[in-house]
Amino acid sequence: MSNHNLFCALRSGFPADLDSIAFETDGGLCYSWRDVERATAMMANLLQDLQLEPGARIAVQVEKSVEAAMLYLATLRAGYVFLPLNTAYQSAEIEYFVGNAEPAVVVCSSKDFGWVSPIAFKAGAKAVYTLDDDRTGSLLERAAHCSDAHEPAVKSADDLAAILYTSGTTGRSKGAMLTHDNLLSNAVVLKDYWGWRSHKDGGDVLVHALPIFHVHGLFVALHGALINGSKMIWLHKFDPKLAIAKLAEATVFMGVPTLYVRMLGEASLTRQACSRMRLFISGSAPLLIETFRDWQQRTGHTILERYGMSETAMLTSNPYRADVRFAGQSERRGGTVGFPLPGVGVRVRGESVDLPAGQIGGIEVRGPNVFKGYWRMPEKTREEFTADGWFKTGDVGQVDERGYITIVGRSKDLIISGGYNVYPAEIEGYINDLPGVAESALVGVAHPDFGEVGVAVLTLKPGASLTGEAVIAALKSRLANFKIPKRCFVVDQLPRNTMGKVQKNLLREQYKGMFAR
Ligand code: MCA
Ligand code: AMP
């Protein structure tokens with residue numbers, strides 16, 4: 001039987017010269033491909049020595065570092081399931097994820113060990129390690145004693161590689177289960193579709209500026225570079241000035257729209273600064289047409305926008321070169337997310353029928369990239385698939401005559417802020433639990449930097465006196481910072497329709513201009 005371990009496929013893309021540079025960090029460190037090979041072997045041996053159950057989860061909440069990326073690769077190599085967690089999550093959030101996923105190993109920053117380890121052990125973890133972004137922590141200390149040779153675990157295509165927590169429109173977050181084949185099929189398609197140049201053809205160099213706990217930074221960017229044996233310029237945190245300076249040595253950049261907006265705010269962003277660049281890719285949130293045009297004007301480059309989800313990885317993309325299936329279209333059209341990727345089915349549905357070009361409906365997808373289901377939530381999984389096997393994205397869109405797909409809205413109540421998802425239902429739950437609050441509604445409002453941000457509107461119980469500022473202060477101790485509403489208003493009543501449902505559209509309308517540029 002052949003081994004479908006994703007690690008093996010990624011490794012097969014490494015250059016023959018293992019001593020060439022794989023990662024160059026903003027701290028001035030260089031890691032060769034041989035370092036990647038050896039360090040992932042050592043970490044994989046450490047995990048394997050723990051004799052964990054097949055399918056054991058390795059939950060990781062650490063700052064971005066090359067070692068953190070290697071821990072992800074080592075988890076694949078050892079055959080376990082990687083569970084990345086946003087570093088902004090606080091204890092109640094981590095308690096939920098860890099309680100739900102029951103990881104066998106938890107890796108956290110040393111500053112968080114005091115509160116993370118009791119949560120981890122309570123949920124049955126066998127080991128809790130620390131890993132910091134300065135190459136210290138118990139994980140590396142232990143791994144240093146392990147062999148640097150390791151035979152990758154044999155996996156089938158359908159075995160789980162990662163669980164990514166997402167959504168929560170009703171109830172709590174769901175863990176999207178992604179298999180080795182889900183991730184590999186997507187990486188292989190993107191390698192070709194985006195014209196990655198292997199080291200044999202002069203080689204691409206990627207500026208990696210995104211966090212590595214979501215699909216964009218962990219899969220799209222990292223897999224793309226690894227499977228092509230391309231060097232990464234590894235920024236531990238996005239800084240627009242530094243990112244622009246690094247473009248001079250690079251050919252590919254990937255970002256959420258906020259990254260492009262922030263770079264446009266810098267005078268150093270010029271044609272000259274981008275003269276070596278081959279491709280700028282945007283995704284995770286809608287790219288405003290102004291940003292698309294400003295970028296074109298300032299740099300001479302046309303951003304390629306694509307669309308994906310945690311449950312599916314990448315689904316559609318504007319063309320890099322002419323797409324033969326769509327009458328040879330090669331134009332990257334701002335405001336659209338392009339065409340379905342090869343092998344991915346996309347349909348726009350009305351009431352049980354496929355809608356023709358120009359009509360707006362729910363976007364449904366299928367393909368080898370579509371996840372296996374939600375972790376321990378068979379009911380939710382069933383609800384999100386149609387009877388004929390298509391996954392309902394919750395996005396609303398249309399296809400034009402030329403095949404370009406445009407996302408026009410979402411049927412799910414979701415705010416995308418700076419590329420991070422904020423679920424109103426979750427935040428409203430926290431606000432409603434505060435003493436004195438009667439009810440609340442969180443709505444997304446346009447924002448020049450983050451694209452969209454949450455604004456909370458709430459009513460009080462009789463006799464209560466609470467200010468919007470006090471609500472925000474109270475939430476800050478409980479929730480990840482990006483989920484905190486940017487403003488909070490106390491009102492006499494929330495607008496409701498005749499069915500008694502809060503009319504969020506009226507609230508969005510009322511507050512829409514408050515962050516105008
Ligand atoms: C930071 N802040 C935010 C956000 N980020 N507020 C709203 N939305 C945000 N995204 C606030 C913090 O709460 C804090 O507020 C203040 O900004 C400074 O925080 P800091 O961490 O220093 O912010 P930053 O470093 O400037 O971060 C902004 C960022 C970051 C670089 C745009 O949000 C980011 O890396 N976003 C990318 C997310 C991403 O990778 N998404 C991909 C998901 P205060 O001071 O009041 O506390 S994958 C996906 O969606 C799918 C599959 C796909 O298609 O890719
Ligand atoms: P997540 O569940 O974090 O993976 O977020 C996925 C959601 O991000 C999708 O369902 C879309 O609503 C949104 N999204 C991703 N890429 C784009 C894009 N290029 N334009 C608009 N929305 C996007």
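About the centre of its Cα atoms, the stretch 1-151 shows a dipole size close to 380 debye [charges on the beta carbon of Lys, Arg (+1) and Asp, Glu (-1) only; nearest 20 debye].
Considering all alpha-carbon pairs of the stretch 90-214, what whole percent are spaced by more than 20 angstrom? Value for the stretch 90-214: 64 percent of Cα pairs lie more than 20 Å apart. Quotient of the Cα radius of gyration of the stretch 327-480 and 2.2 N^0.38 Å, N being its number of residues: 1.33. Computed over the Cα atoms of the chain, the ratio of the radius of gyration to the Kirkwood radius (Rg/Rh) comes to 0.96. With N the number of residues in the stretch 1-48, Rg(Cα) / (2.2 N^0.38 Å) evaluates to 1.31.
Of the trypsin sites (Lys or Arg not before Pro) in the stretch 219-291, the ones in a loop by DSSP (not H, G, I, E or B) with at most 12 other beta carbons within 10 Å are K237, R271, R276. Among the trypsin sites (Lys or Arg not before Pro) found in the stretch 308-379, those both in a DSSP coil and sparsely packed, with 12 or fewer other Cβ atoms within 10 Å of their Cβ, are R321.
Think of the stretch 413-517 as having a plus end and a minus end, set by charges on the Cβ of Lys, Arg, Asp and Glu; of L475, G444, G429, G444 sits farthest toward the positive end of this dipole.
Among the GluC sites (Glu not before Pro) in the stretch 243-328, those placed in a DSSP loop whose Cβ has at most 13 other Cβ atoms within 10 Å are E249. Judged by the ratio a/c of the largest to the smallest principal axis of the C-alpha gyration tensor, the stretch 279-318 counts as prolate, that ratio being 1.5 or greater while a/b is larger than b/c. Overall shape: oblate for the stretch 1-81, with the ratio a/c of the largest to smallest alpha carbon gyration tensor axis at 1.5 or above and b/c at least equal to a/b.
Consider all pairwise Cα distances in the stretch 356-434 and report the whole-number % of them above 20 Å. I get 50 percent for the Cα pairs in the stretch 356-434 exceeding 20 Å. Per residue, the convex hull around the alpha carbon atoms of the stretch 199-287 comes to 85 Å³. Over the stretch 271-356, the ratio between the Cα radius of gyration and 2.2 N^0.38 Å evaluates to 1.22.
Taking a ≥ b ≥ c as the square roots of the eigenvalues of the Cα gyration tensor, the stretch 147-249 is classed as oblate, since a/c reaches at least 1.5 and a/b does not exceed b/c.
For the chain, the mean residue ellipticity at 222 nm estimated from helices alone is -8000 deg cm²/dmol, where every DSSP H run of n ≥ 4 contributes -39500 (n - 2.57) and the total is divided by all residues, rounded to the nearest 500. Each listed q (0.15, 0.16 Å⁻¹) maps to a log10 I(q)/I(0) for the stretch 441-505 from the Debye sum over equal C-alpha point scatterers, namely -0.54, -0.61. Only one residue of G217, V62, N505 has its Cα farthest out toward the positive end of the dipole of the chain, where Lys and Arg carry +1 and Asp and Glu -1 on Cβ, and that residue is N505. Applying a threshold of 20 Å to the alpha-carbon distances of K191/K231; K246/K483; K476/K504 flags K246/K483; K476/K504 as lying beyond it.
Taking a point 7 Å out from the Cα of E379 in the direction of its Cβ, the residues of the stretch 88-104 whose backbone N falls within less than 19 Å of it are 100-101. Just so you know, the Cα atoms of the stretch 226-278 work out to an Rg and Dmax of 11.2, 34 Å. Cross-link partners of K372 among aspartates and glutamates, defined as those whose alpha carbon lies under 13 angstrom from its own and excluding same-chain residues fewer than eight positions apart: D158, D159, D181, E311, E384.
Backbone amide hydrogens, once placed in the peptide plane, bring A56 within less than 5 Å of V81, excluding anything fewer than 5 places away on its chain.
All of the numbers you see were taken from the coordinates with simple rules; none came from a lab. Everything numeric in this text was worked out from a predicted model, so none of it was measured. Methodologically, a virtual Cβ is constructed for each residue, glycine included, from the backbone with ideal geometry; neighbour enumeration extends over all protein chains shown.
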